[in-house]
Amino acid sequence: MEFEFSDKVQTLRARVQAFMDEHVTPSEAIYAAQLAQAADRWQPVPIVAELKKLAKAAGLWNLFLAHSARGFGLSNLEYAPLAEIMGGVEWSSEVFNCSAPDTGNMETLELYGTEEQKRQWLGPLLDGDIRSAFCMTEPGVASSDATNIETRIRREGDEYVIDGRKWWSSGAGDPRCALFIVMGKSDPGNSNAHRQQSMILVPRTAPGVTIERMLPVFGFDDAPHGHAEINFVNVRVPVSSILLGEGRGFEIAQGRLGPGRIHHCMRTIGLAERALAMMCRRALDRHPFGKPLADQGVTIERIANSRIMIDQCRLLVLHAAWKMDTVGNKAARREIAEIKVSIPNMACQVLDWAVQMHGAGGVSNDFGLAKMYANARTMRIVDGPDEVHRQQLGRLELAKYRPVRPNAPAG
């Protein structure tokens, strides 16, 4: 693979960074104040709406949608450095209409939706007029194994009926969230466990859809984005709402989660970079026992190790992106699993050192490190826990050394 970004990417990189420096980073205090003063924390934050207009006017919009005329036309490898820049500010990806779970849902609609589904849902999502949620995880089963899901999707005449309970449906707390992509079992008796599931498009306003509660993450409510527990009771939608066809849900999930995982990892690199920058500034600013923290051997070692770890992980992400672009998501499953384990763990370690460097302030909300750590730690579970990805990696590695079975004797 080539490690040098093209002139096009370098230009976009400079434009995104300039927009962040001029508009987004100076607005962090405004964002925090508006959210703190809001009567309803689940309403959109006004400064984000203003910045979205500026980003759209600047042509920095829908950068994520790889290999598509509907998006910016960037490959995964080309998008990686842009997502990293956005990752330095938790909410900034929405400014460019590049935030999860909308990115994954838009890619799903682009790849698997009918023209009518795209007209109804993809167009408004690409325009930033609505938002969406992805409903797969359930409270009653071990959802790291998607074959366990219990939500039922059954056909009755010209309608599908959905019954089940989902949770950790990110983005469902936003009043602009108009669409749920729901995964459930349409054929639970199928002998092929991976053909039992389907995915279906459910309007947020459909009768029988109830948001039971918003789930806190390490004590943070994650407003205005949030993560919901949702109950679906006798929810009816037209048969035209099915994605790709009955029994194709697991296939769609695999296609959706590959890009989703790498986007999370790209942004998490940016999060770690910011934590390192904060660590360095703090080390130079604080003077315990008559000398700056930066003169302490343990401080220098942690900063050096952070630099090494971030750079290693960035190269892993770029390699995975390149593999996805050249051989496809399925063939790149090993590389995707590698980054999904390594990047969140790296970020947790760098953030832990940054918190330690800030002392008691690090565990408060004054510096934002506690929230950053909560986000990084959550990434070790989102889109599949570390253990599942390690199991896949181990099996792929062992397969290289298993003896080839001899051909069965003839007749």
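Observations on the model:
- Residue pairs meeting the criteria (Cβ under 8 Å; at least 6 apart or on separate chains; first touching a residue at least 60 places away in the same chain (Cβ under 8 Å) and in the same structural domain as A58 (by TED's automatic domain parsing), in the stretch 10-38; second assigned to a helix (DSSP H, G or I) and of a type in the set (S, T, N, Q)): M20/S92; V24/S92
- Within the option set H194, H227, being in contact with a helix residue (DSSP H, G or I) (Cβ under 8 Å, 6 or more places away or on another chain), assigned by TED's automatic domain parsing to the domain that holds C135 and of a type outside the set (A, V, I, L, M) holds for one residue only, H194.
- Against the numbered list (1) part of a strand (DSSP E or B); (2) of a type outside the set (A, V, I, L, M, F, W, C); (3) within 23 Å of R256 (Cα to Cα), D187 comes up short only at (1).
- Some residue of the stretch 341-364 being farther than 30 Å from P288 by Cβ and in contact (Cβ under 8 Å) with a residue 60 or more places away in the chain: yes
- Condition check for R70: surrounded by fewer than 21 Cβ atoms within 10 Å (Cβ to Cβ) and part of a helix (DSSP H, G or I): no
- Test result for K330, touching a strand residue (DSSP E or B) at 6+ places or on another chain (Cβ under 8 Å), charged (D, E, K, R) and touching a residue at least 60 places away in the same chain (Cβ under 8 Å): no
- Extreme residue, surrounded by the fewest Cβ atoms within 10 Å (Cβ to Cβ), among residues of the stretch 314-338 that are of a type in the set (K, R) and assigned to a helix (DSSP H, G or I): R334
- Residue check for L82: modelled with pLDDT of 95 or more, surrounded by fewer than 20 Cβ atoms within 10 Å (Cβ to Cβ), within 24 Å of K371 (Cβ to Cβ) and not polar (S, T, N, Q): no
Yes or no, residue by residue, for (1) among the basic types (K, R); (2) within 27 Å of N365 (Cβ to Cβ); (3) at pLDDT 95 or above:
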residue	(1), (2), (3)
K8	yes, no, no
S27	no, yes, yes
K53	yes, no, yes
K56	yes, no, yes
E110	no, no, no
E116	no, no, yes
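- Checking D145 against (1) among the charged types (D, E, K, R); (2) in contact with a Lys or Arg (Cβ under 8 Å, 6 or more places away or on another chain); (3) modelled with pLDDT under 95, the condition it does not meet: (2)
- Candidate set: the stretch 256-272, residues that are modelled with pLDDT of 95 or more, more than 9 Å from the chain's Cα centre (by Cα) and over 11 Å from A320 (Cα atoms); chosen: the one surrounded by the most Cβ atoms within 10 Å (Cβ to Cβ): A272
- In the stretch 378-387, the residues that are surrounded by fewer than 16 Cβ atoms within 10 Å (Cβ to Cβ) and outside any loop (DSSP other than H, G, I, E, B): E387
The values are calculated or read from the model by the stated rules, or taken from the named source; none is laboratory data. These figures come from a predicted structure and were not determined experimentally. Cβ sites come from the backbone with ideal geometry, for glycine too, and all protein chains shown count toward neighbours.
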